[in-house]
1. Using a 7 Å offset from the Cα along the Cα-to-Cβ direction at both Phe11 and Ala174, what is the distance between the two label points in nm, to one decimal?
2. Take the Cα gyration tensor of the stretch 107-198, multiply each eigenvalue by 5, square-root it, and list the three semi-axes largest first, rounded to whole angstrom.
3. Counting other C-beta atoms within 10 Å, which of Trp89, Trp222 has the fewest, and how do the rest follow?
4. Please get the size of the charge dipole for the stretch 97-158, origin at its Cα centre, with Cβ charges of +1 on Lys and Arg and -1 on Asp and Glu, quoted in debye to the nearest 20.
5. Please report the spacing between the Cα centers of the stretch 22-37 and the stretch 80-127 in Å, no decimals.
6. Each residue of the stretch 99-107 in turn: what ³J(HN,Hα) in whole Hz from Karplus with 6.51, -1.76, 1.60 and θ = phi - 60°, glycine and Pro shown as x?
7. List the pair-distance distribution P(r) of the stretch 2-144, using every Cα-Cα distance, as the percent of pairs falling in each 5 Å bin from 0 up to the bin containing the longest distance, rounded to whole percents.
8. Between Asp200 and Arg214, what is the label-to-label distance in nm when each label sits 7 Å out along the Cα-to-Cβ direction?
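Just so it is clear, none of the values below were taken in a lab; they were calculated from the coordinates. In this text, all values refer to a predicted model and were calculated from it rather than measured experimentally. A quick note on method: Cβ atoms are made from the backbone with ideal geometry, for glycine too, and the neighbour counts reach across all protein chains shown.
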Amino acid sequence: MIHCESLVKIFKTDDIEVVALQGLNMTVEQGEMMAIIGNSGSGKSTLLNILGGLDRPSAGQAIVGPWNLLKMTKEQLITYKRKTVGFIWQNNARNLVPYLTALQNVELPMLIQGKVDRAYAKQLLTAVGLEHRMGNRLTQLSGGEQQRVAIAISLSNRPMIVLADEPTGSVDSATGDQILEIFRRLNQDMGVTIVIVTHDLSVADKVDRVVAIRDGLTSTEWVKRDKDVADKEAALPAGTDEASTTASTATSTAALTAATPGSRFGERHEEYVVIDRVGRLQIPKAYLEAMNVDGKAVLEFDGKRVTIGPPDASPSSIRPGRR
Ligand SMILES: Nc1ncnc2c1ncn2[C@@H]1O[C@H](COP(=O)(O)OP(=O)(O)OP(=O)(O)O)[C@@H](O)[C@H]1O
């Protein structure tokens, strides 16, 4: 559904250029609910704005369904924004009109497009648990309820994808959990693909997959594992053949398991380093410092594992591991 390859975004002002995305690769499958996580300034919002058609990429490839975001005309971009994507912002003032009721807010984008479907608007508000608040003005709703109205609005044009920028950023953690549960339900019931951008690591446990962005590049990926496989593997003694086979099958799909896999987001996530099409990967700074590698390194391959180390010493190991 979404395919970004070598995606570059450069912001130019009078005297400086900021390379916000430096050749990013990412794929999102149809029907997935995934999160993009990264520190402030890592390029998350830039990527989301590009996927939402709000900003144009500078180079590379960005394909969403049948659309090529680099090659679209202005008119196509308008149609794309109206029909393909729904947006949710952290600051919901961007989505909502305070003096209108919840129902009027959901109907507004439909009105702008020329056809109000009241039954569908009500269905959306019911889906986000606000059937009893439809007639209330936005000012009468709590922050969490307003965010739920924003979710209903994002679906009013029946989009294929919902893009959410820090959707839990301005609510407390219990409300944040509720919002993520609503996303999950909508994802399952309506089949809508959901991409959440956040710096909140706790979101990771609620999604199928997490892609970490660092310095405008995808660096690491955590995939939620099939619970049965995870339970079975946990029951096996370390180093048994069956456990190794399960781990290596997983690694062969996309990437190399990192040296400290899995544990960061609980038992059911497996951590991978992303390797791009031409074989590049990002090595965490802490590892490079611990190995005293700077600029150049020695790679060794023993037929199964790649080992990397400083040029003048025997290599320290980066190896596919598992819990
Ligand atoms: N319109 C712009 N003009 C110039 N530089 C920009 C612009 N938008 C973003 N940047 C720069 O691009 C880089 C990535 O910014 P971006 O907003 O995508 O990061 P982010 O990961 O979403 O951060 P945050 O979580 O703080 O929103 C930053 O260095 C930022 O300063």
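1. Here the modelled spin labels are 3.7 nm apart.
2. Values: eigenvalues 79, 56, 28 Å².
Over the Cα atoms of the stretch 107-198, the semi-axes work out to 20, 17, 12 Å.
3. On the way: Trp89 21, Trp222 27.
Ascending number of Cβ neighbours within 10 Å: Trp89, Trp222.
4. On the way: 7 positive and 4 negative charges, 14 e Å.
For this selection, approximately 60 debye.
5. Here the answer is 25 Å between Cα centres.
6. 8, 9, 6, 4, 5, 4, 4, 5, 7
7. Values per bin, smallest distances first: 2, 8, 15, 17, 16, 15, 12, 10, 5, 1, 0.
8. In this crude spin-label approximation the distance works out to 2.4 nm.
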